[in-house]
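Undergrad: This is the structure, below, for whatever I ask next.
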Amino acid sequence: MSRLGSFNSPLLLGFEHLERMLDQAAKSSGEGYPPYNIEQTGEYALRITLAVAGFTEDDLSVTLEDTQLVIRGKQHDDGPDRVFIHRGIAARQFQRAFVLAEGIEITHAHLDSGLLHVDLERQVPEPQVKTIVIEGAGTKASRKKSDKAIDVTPES
């Protein structure tokens, strides 16, 4: 049995990849840890900030997998030397994924005071203008005549 998706209209052929991206975004939106902010830092620049207190640079990884920015965190085991009377700070691993649009580039990632900042920038292509020649009935006929090879031999 085939699944009917959001893009089942015959006018939206070839948008299956967009539907998959929307499904991935919907699945990842229910996650609540770690909390994050997304802010606009410039006309074409964004910053994603995750609260990752207790994680070091070695505990975190930032990767780009196809069109997804994936941030993972896994703290290393403290060992048997530490005995907790109360453990209220979670030391759990996490994975947070963000679906990126085409043209978004990751420019920088840094950890500062328990906050992981990932800077993104939209690459805006220069507009390209191409002039298309409009041919009329007279233009085609004259072109056909000029395309034929004419044998011209000099008279002596």
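Only the coordinates and a few stated rules stand behind these numbers; no lab work does. Keep in mind that what you see is a predicted model, and the values were worked out from it rather than measured. In this analysis, Cβ positions are derived from the backbone assuming ideal geometry, glycine residues included, and neighbour counts consider all displayed protein chains.
Undergrad: So, counting K/R as plus one and D/E as minus one, what does the shell of residues with Cβ under 15 Å around residue 40 add up to? Provide the component values of the computation, followed by the final result.
TA: Details: positive: 47, 122; negative: 39, 43, 119, 121.
For residues surrounding residue 40, the net value is -2.
Undergrad: Tell me, what is the Rg over Rh of region 51-105, with Rh the Kirkwood radius over Cα pairs? Write down the numbers at each step before the final one.
TA: Values: Rg = 15.1 Å, Rh = 13.4 Å.
Taking Rh as the inverse mean 1/r over Cα pairs, Rg/Rh reads 1.13.
Undergrad: Highest mean first, how do 112-125, 44-57 rank when packing is the count of other Cβ atoms within 10 Å averaged over residues?
TA: Values: 112-125: 13.8, 44-57: 15.6.
By packing density, highest mean first, the sequence is 44-57, 112-125.
Undergrad: Set the Förster distance to 35 Å, then compute FRET efficiency between residue 106 and residue 135 from the Cβ-Cβ distance, nearest 0.05. Each step should come with its number before you reach the end.
TA: Working: r = 47 Å, r/R0 = 1.33.
Computed FRET efficiency for residue 106 and residue 135 comes out at 0.15.
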